[in-house]
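Before any comments, here is the structure.
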Amino acid sequence: MSNTNTPKVTQVKQTSGSTSMSSLLYSQKLAPYVFVLPFIISFSVFFAYPVISAFIMSFQEIVPGSTKFIGIENYKELWNPTFLKAIKNSAIYTALSLLLLIPIPLVLAVFLNSKVMMFKNFFRSTLFIPALTSVVVAGTIFRLAFGELEGSLMNTLITSFGLDKQRWLGERWLGMMTLLILACWRWMGINMLYFMAGLQNISKEVYESAEIDGANIWNKFANITVPLLKPITVYVFTISIYGGFAMFTESYMLWNGNRSPKDIGLTIVGYLYRSGWEQNNLGIGAAVGIVLLAITMIITFVQLNLFGLFKKEE
């Protein structure tokens with residue numbers, strides 16, 4: 001009797017188990033967590049864990065084979081003229097790059113989105129090609145073009161107009177100008193494409209209605225284009241802030257290393273590289289990384305607040 005009922009009991013258990021598993025897989029309450037889980041895992045592994053580890057390391061003295069807790073000594077050591085100059089260089093570079101890489105790509109995008117503009121695809125491709133070029137290659141070419149010798153491209157160009165040759169990478173503001181030219185050459189096309197994508201979402205009927213009301217080109221640009229491109233502008237502004245403070249490879253390649261004359265090209269990431277890698281002081285390097293994170297987060301929070309992204313819509 002018992003042998004006859006055993007398969008039925010087993011079958012009932014398997015059926016109930018498969019039913020519960022099926023209901024679990026198709027649960028509407030569980031589905032959102034399943035879709036979010038890959039992001040949570042990647043965020044935890046590639047961002048949260050490294051940040052927490054770096055924060056802990058910033059309070060330690062790390063030597064091969066041992067670590068020692070030293071409190072805020074690493075942060076005290078950062079209070080020196082070299083690191084303050086690195087912060088100043090990064091801040092100036094970021095501010096100037098924002099002044100160039102926000103309005104100019106916006107204007108170019110408006111021109112390329114215009115009906116009367118000819119050869120649109122050609123100009124789009126031409127302006128985007130620099131973004132496909134390696135930073136290492138671009139930095140090497142710019143270092144040769146802005147060299148101090150009379151035979152360099154820029155010195156040949158300015159001497160042909162009767163001007164004296166310049167030490168492009170030997171003077172502070174000339175070096176900063178070279179960095180900005182490289183940044184504009186490389187990132188202008190990408191920011192322009194962001195704005196063009198935003199322009200495609202603006203209905204043509206809005207512009208036609210404005211024309212009927214007598215709006216000229218400037219009125220349409222100031223009162224329609226700029227306000228409706230606010231989300232794209234905020235995004236480009238945010239990534240440009242991060243890109244400005246995180247800039248390192250361009251400076252490293254222009255000066256063929258991390259030792260520019262009088263540290264005119266030293267950035268925060270360059271100081272991190274110098275301390276953590278060249279001097280093998282991982283505690284100082286971690287402290288620099290935490291300071292950089294704090295600076296970018298504070299500036300980003302302030303600019304998002306200024307743009308009104310934290311205000312409730314009425």
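One residue stands out among those in segment 125-151 that are open to solvent by 60 Å² or more (accessible area, probe 1.4 Å) and either in contact with a Cys (Cβ under 8 Å, 6 or more places away or on another chain) or small (Gly, Ala, Ser) (or both): the one that is nearest to residue 265 (Cα to Cα), which is 151.
The residue list 83, 39, 122, 111 contains one member that is of a type in the set (Phe, Trp, Tyr) and open to solvent by less than 80 Å² (accessible area, probe 1.4 Å), which is 83. Among the helices (runs of 4 or more DSSP H) confined wholly to segment 164-248, which include 1 or more residues that are open to solvent by 40 Å² or more (accessible area, probe 1.4 Å) and in contact with a Leu (Cβ under 9 Å, 6 or more places away or on another chain)? The helices (runs of 4 or more DSSP H) meeting that bar are 172-200, 204-212, 230-245. Selection over segment 274-298 of residues that are part of a helix (DSSP H, G or I) and open to solvent by 60 Å² or more (accessible area, probe 1.4 Å) gives a count of 5.
Would you be able to tell me the number of residues in segment 65-80 that are open to solvent by 50 Å² or more (accessible area, probe 1.4 Å) and either in contact (Cβ under 8 Å) with a residue 12 or more places away in the chain or under 29 Å from the mean Cα position of the chain (by Cα) (or both)? Please lay out each step first, then the result.
Restricting attention to segment 65-80, the residues satisfying the condition of being open to solvent by 50 Å² or more (accessible area, probe 1.4 Å) are 65-69, 72-73, 75-77, 79.
With either in contact (Cβ under 8 Å) with a residue 12 or more places away in the chain or under 29 Å from the mean Cα position of the chain (by Cα) (or both) added as a condition, the list becomes 72-73, 75-77, 79.
The qualifying residues number 6.
Is one or more of the residues making up segment 152-159 assigned to a loop (DSSP other than H, G, I, E, B), of a type in the set (S, T, N, Q) and exposed (fewer than 14 other Cβ atoms within 10 Å of the Cβ)? Checked against the condition, which is being assigned to a loop (DSSP other than H, G, I, E, B), of a type in the set (S, T, N, Q) and exposed (fewer than 14 other Cβ atoms within 10 Å of the Cβ), segment 152-159 yields no hits at all.
Residue 139 fulfils the conditions (1) touching an Asp or Glu at 6+ places or on another chain (Cβ under 8 Å); (2) over 20 Å from residue 262 (Cα atoms); (3) not in a loop (DSSP other than H, G, I, E, B) except for a single criterion, (2).
The values are calculated or read from the model by the stated rules, or taken from the named source; none is laboratory data. Computed from a prediction, not measured in an experiment: that's the story for all the values here. Counting neighbours? That spans all protein chains shown, and the Cβs are built from the backbone with ideal geometry, glycine included. We work out accessible area using only protein heavy atoms, side chains counted, and drop any ligands, DNA or RNA first. Shrake-Rupley method; radii C 1.70, N 1.55, O 1.52, S 1.80 Å.
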